[in-house]
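The values are calculated or read from the model by the stated rules, or taken from the named source; none is laboratory data. Nothing here was measured: the structure is a model prediction, and the numbers come from that model. Here the Cβ is made from the backbone with ideal geometry for all residues, glycine too, and neighbour counts use every protein chain on show. Accessible surface areas use protein heavy atoms only, side chains included; no ligands, DNA or RNA. Shrake-Rupley method; radii C 1.70, N 1.55, O 1.52, S 1.80 Å.
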Amino acid sequence: MTVNAQLQAVTDRIIQRSKPSRDIYLSRMRLAASEGPRRAHLSCGNQAHAYAAMGDDKDTLAADRAPNLGIVTAYNDMLSAHQPFETYPNQIKEAARSVGATAQVAGGVPAMCDGVTQGQVGMELSLFSRDVIALASGIALSHNTFDAAVFLGVCDKIVPGMVMAAATFGYLPTVFIPAGPMSSGLPNDEKSAVRKKFATGEVGRDALMAAEMASYHGAGTCTFYGTANSNQMLMEFMGLHLPGASFVPPEGDMRGVLTNAAAKRALEITALGDDYTPVCDILDERAFVNGIVGLMATGGSTNLVLHLPAMARTAGIIIELQDFEDISAIVPLMTKVYPNGLADVNHFHAAGGLAFVIGELLAAGLLHPDVKTVMGQGLAPYALDPVLIDGIVEWKTGPSKSENEKILRPATNPFNTAGGLKRLSGSLGTGMMKVSAVESARQTLTAPARVFASQDAVKDAFKAGEFTTDTVIVVRFQGPKANGMPELHGLTPCLMVLQDRGLNVALVTDGRMSGASGKVPAAIHVSPEAAVGGPLAKLRDGDIVEVDAINGKLNVLEVGFDARPAAQPDLSDNGHGIGRELFSVFRDNVGSSTEGAAVVV
């Protein structure tokens, strides 16, 4: 199937725009690769330190003839999604020994849970943790003793930070290894209903706690289609996972067999063998375009609109918001997974999952089929399903039809002919909206603004009964320079209650809402942010604001608006407490949200 002409045009535009930086990047990677195996450049003393605690593996390591695999892990047992990684390093080491190779834990990276920090001060460190993870991964691999790397990570900022590091060490082959989703618990719509009742005082905290515990109840990734599961989708579309690995649960034989296979595959593609596949060759412009296609086709998290440009820049590739807009216009929305629908990722996987989506998009010419992946040349293997045969994983023909068209539809009969994200721009700046869960009738609103400087102030106004008419709720000074750009997910129950009461409401903010914004129209990541004098800083209560996701507009309809002075935020409390003191250099140097809100690139 010929690649869609508009998709090819966007790709060509990215290639042309990126050529100077991409050429520099690739020349550096080729030079590093030409230096040969990493350990060859270490002195005997260097190597002795590196192998001192490796027991029976010492002789193999010192011989320098077999590949050595570096493991970068985000394990901790507070994150349900990462708790299964506790046992992976020893399993990976055994897999390496079985083929005459070695593996070492190169280092660990921090992994915070946005579910724990939602609505808390700690959320102000969340986005910055992505760049910390990139830095920590870089330190882990800087020991220069590895012929390939595997990354153990799943959630929000963890995978993007790891990809940024993998691209920086692009001469190394790299495989990402997931842990899979937790089993389905309390249905997401029931959990949402309890949250709304708690917001209105209909139920107490005991009922809320019981619902949350029944929803988030075991090891594995949270089952709604937020950023964590969007990351897993992305790794398959970009060819960094083994095919079909994303949504296999932690329990059962398949997960362990896939982990072993991933470790062995990483060892097969080192420069010591005949199938050298450095990750710099996988992470090209076409791979990032394929990732954006996957984001649109599945209605994934808006956080990836921040992460993809940051990841791409570490590989010398420049992605702009217009690229998202143009790809969204041609990619059908094929899935309905909560918060876009009632199903969770386990239901999605059972209905056909990513293999079905990728197969359909390849057939429609909406993916680049000829990319390199960790499996070799071409994306076609990612339309196959992994099966166990005598304890060994093989890939067989994937699903040819959806098992449940309420969850997953073919590209020829999608839920929507356009993707799940929309770019908005106008006199208030540029932002994004996740429209895949928002009814079309709610995607446009022109109404008076109520302006707030925190989500807590919005909640207080809600509890006081101040919202009685159609309103555009503006929450400003939530951008990366102001306070690290926290998610404002805690506003969702209040805003959904207002909708249920018959009001038309929309949110406009320079902060984040991620993949859990639900059915409320939310223009997020608005840039320039208010803290640097962006237009949001000039808004006043009562200003008429136009939010129009259908036509991509975000405007204030007030004469003389541009001449107004910008409000000055009181950020005196943003620089201390819960570790914020350590991140002033990040707030001072972070880039704009349109460029990925990054510090290290």
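A few points about this structure:
- Accessible area per residue for the range 100-201 is 26 Å², calculated with a 1.4 Å probe on protein heavy atoms, without ligands, DNA or RNA.
- Centre-to-centre separation between the Cα atoms of the range 139-218 and those of the range 252-311: 17 Å.
- Principal-axis tilt of helix 88-97 within the chain, Cα atoms, nearest 10 degrees: 30
- Cα principal axis extents for the chain, largest first, Å: 73, 53, 50
- Helix 205-215 axis, angle to the chain major axis (alpha carbon atoms, nearest 10°): 40
- Rounded Å value of the spacing that divides the Cα centres of the range 119-136 and the range 28-47: 32
- For the range 351-414, the list of trypsin sites (Lys or Arg not before Pro) that fall in a loop by DSSP and count at most 13 other C-beta atoms within 10 angstrom reads Lys401, Lys406.
- Within-11-Å neighbourhood charge of Thr270 [Cβ basis; K, R +1; D, E -1]: -2
- The range 463-519 and the range 554-580: distance between their alpha carbon centers, rounded to Å: 16
- Using the Cβ-Cβ distance between Ala329 and Lys406 with R0 = 25 Å, the FRET efficiency computed as 1/(1 + (r/R0)^6) comes to roughly 0.50.
- Global geometry of the range 493-542, whether rounded, prolate or oblate, following the gyration tensor of its Cα atoms and the 1.5 cut on a/c: oblate
- For the chain, the share of DSSP beta bridges that are antiparallel, to the nearest 5, is 45%.
- Over the range 110-196 - Rg/Rh using Cα atoms and the Kirkwood inverse-distance radius: 1.10
- Selected from Tyr51, Gln83, Ala63, residue furthest toward positive end of dipole (the range 31-98; charges at beta carbon): Ala63
- Value of [θ]222 nm, deg cm²/dmol, for the chain, DSSP H segments ≥ 4, -39500 (n - 2.57) each, nearest 500: -11000 deg cm²/dmol
- Its alpha carbons considered, the range 463-601 gives a radius of gyration followed by a Dmax of 15.7, 45 Å.
- Placing a label point 7 Å from the Cα of Asp541 along the Cα-to-Cβ direction, the residues of the range 472-492 whose backbone N falls under 17 Å of that point are 472-476.
- Number of Lys pairs (Cα under 26 Å; 8 or more positions apart or on different chains) in the range 255-414: 7
- Remark: the Cα gyration tensor places the range 332-423 in the oblate category, a/c being 1.5 or greater and a/b not exceeding b/c.
- The range 35-154: C-alpha gyration tensor shape, a/c 1.5 cut-off, then a/b vs b/c: prolate
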